[in-house]
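Enquirer: Here it is, the structure, as structure tokens.
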Amino acid sequence: QVRLVESGGGLVHTGESLTLSCATSGFNFRTAAMRWYRQAPGKERELVARIQSVGATVSYPDFLKGRFIISKDNDKKTVYLQMNSLTPEDTAVYYCRWGLTDYWGQGTQVTVSP
């Protein structure tokens with residue numbers, strides 16, 4: 001059974017950092033590409049980071065301006081999202097996803113206060 005469980009969300013102040021975790025099971029994590037998305041109230045879900053399975057190549061949308069870092073720990077079967085210099089515009093529910101499959105985590109709320 002495939003499972004993805006996010007954790008690490010919470011309330012932070014502008015300028016602070018937060019690291020999210022997504023613990024996985026039920027598939028070959030070592031060869032899996034992983035993605036992080038977010039969805040703010042009233043907005044569509046958007047991709048914020050992805051990491052490929054081969055070579056651990058990472059990519060981010062330009063609007064993040066290098067503030068987020070995605071990484072994988074294959075031994076722990078966990079993917080991380082380090083978020084720096086957070087602003088209220090980063091407030092959203094953050095989701096991890098196994099590549100382009102239909103397997104998503106339940107989401108973790110990140111709230112950034114002014």
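The values are calculated or read from the model by the stated rules, or taken from the named source; none is laboratory data. Here the structure is a predicted model, which means the values were calculated and not measured. Neighbour counts run over all protein chains shown; Cβ positions are idealised from the backbone, glycine included. Each accessible area value is taken on the protein alone, full model and side chains, heavy atoms only, with ligands, DNA and RNA left out. Shrake-Rupley method; radii C 1.70, N 1.55, O 1.52, S 1.80 Å.
Enquirer: Per the 1.4 Å probe, what fraction of the accessible area of the chain, in percent, lies on carbon and sulfur atoms?
Expert: Carbon plus sulfur share of accessible area: 50 percent.
Enquirer: Something else about it: Would you calculate the separation in nanometres between label points at LEU47 and THR111, each defined as 7 Å from the Cα along the Cα-to-beta-carbon direction?
Expert: 3.0
Enquirer: Given contacts defined as C-alpha pairs under 8 Å and at least six residues apart, what's the relative contact order of the chain, whole-number percent?
Expert: About 36 percent, as a whole number.
Enquirer: Starting from the Cα-Cα distance between ALA56 and THR87, subtract it from 0.36 nm times their residue separation and give me the gain in nm to one decimal.
Expert: Working: separation 31, 0.36 × 31 = 11.16 nm, distance 2.75 nm.
Extending this stretch completely gives an extra 8.4 nm.
Enquirer: Treat the chain as a sphere of radius equal to its Kirkwood radius over Cα pairs and apply Stokes-Einstein at 4 °C in a medium of 1.567 mPa s; give the translational diffusion coefficient in µm²/s, rounded to a whole number. Write down the numbers at each step before the final one.
Expert: On the way: Rh = 14.0 Å.
My calculation gives 92 µm²/s for D.
Enquirer: Next question, about the same structure. Under a 1.4 Å probe, what is the accessible area of the chain per residue, stated in Å²?
Expert: Value returned for the chain: 54 Å² of accessible area per residue.
Enquirer: How many nm is it between the label spots at LEU11 and ILE69, if each spot is 7 Å from the Cα in line with the beta carbon?
Expert: It is 2.8 nm.
Enquirer: Oh, and also: Going 7 Å from the Cα of ALA40 along its beta-carbon direction, which residues of region 87-110 have the amide nitrogen within less than 18 Å of the resulting point?
Expert: Of the residues in region 87-110, 87-95, 108-110 have backbone N under 18 Å from the label point off ALA40.
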